[in-house]
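The block underneath contains the structure these notes are about, expressed in structure tokens.
A short reminder: the numbers here are calculations on the coordinates, not readings from a lab. Every value quoted in this text rests on a predicted model; they were computed, and no experiment measured them. Glycine gets a Cβ as well: all are built from the backbone with ideal geometry, and neighbour counts include every protein chain shown.
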Amino acid sequence: MNHLIVFTFVLLLSFHTSASKFDAQINMVNFPQEHEAKVYQAIELIKKVVSSQEFKERILAHTYEGKKIFVDNKGLSNEQIYQLILDGSETLIPEKNGRMDVELELYQNTSNTIGYTYPHTTRIWMNSKYFNKYTPVQVADNLFHEWLHKLGFDHAIKYTLRRNYSVPYAIGYLMEELAHKHYRPSNVRLDSSLTEPVENLNVNQSL
């Protein structure tokens, strides 16, 4: 019994320690300088949410049809999904560095696509049609949703109620809900350590 208590304590301590160190390395492409502040704010919100106790508790307690599971979970338990997020172990960058490693490219399109990515790249495309009118909280939701694809999670293309319980959608919605609690519109923090210069690329989007 004592061994079980010690193991549980060590496991919880490990979760807490990892969460407190969660970070982000973001490269921005085609973002006008006046839009960069919104990205920085979104990243800070993501870091605060992931490091929070409530984020952990909500993911561990997430249910679908009465079971503590996510839809399209790759066979992982809620605890394993939470740990994968803390590890920051992306499919293309599997190192457990406790960090989001992505490139963001702002593009212009009149479609209803908010953003997208592909399995073979670390890049995430964000549609300026939505980005320009989104708050940092909404950007955090969209960015985290897309980043969860970088961890290997997917969802149905067409809308169903079930899709809302998939890892990208359910945790993306959770991110937006909790980010609201940390968001202060007047607080604009420019953290240059989050970004590195990236050469602008011309990419054709066809969705």
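The table that follows gives values for the structure above.
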{"read-out": "Net +/- balance of residues flanking residue 165 in space, Cβ distance below 10 Å, scoring K and R +1, D and E -1", "value": "0"}
{"read-out": "Dipole axis of the range 98-182 (+1 Lys, Arg; -1 Asp, Glu on Cβ), positive-most option in 111, 149, 182", "value": "111"}
{"read-out": "Inter-site label distance for residue 21 and residue 118 at 7 Å from Cα along Cβ, in nm", "value": "3.4"}
{"read-out": "Förster-model FRET efficiency, 41 Å R0, residue 184 and residue 69, C-beta, rounded to 0.05", "value": "0.75"}
{"read-out": "Cross-link pairs 56/150; 96/150; 48/96; 21/181; 56/158 - those with Cα-Cα distance over 25 Å", "value": "56/158"}
{"read-out": "Calculated diffusion of the range 2-187, Stokes-Einstein form, Kirkwood radius summed over Cα pairs, 10 °C and 1.306 mPa s, µm²/s", "value": "93"}
{"read-out": "Amide H partners (placed H, <5 Å) of residue 153, local residues excluded", "value": "none"}
{"read-out": "For residue 118, net neighbour charge (Lys/Arg +1, Asp/Glu -1) across residues whose Cβ lies under 14 Å away", "value": "-3"}
{"read-out": "Packing-based exposure ordering (other Cβ within 10 Å, fewest first) of 181, 56", "value": "181, 56"}
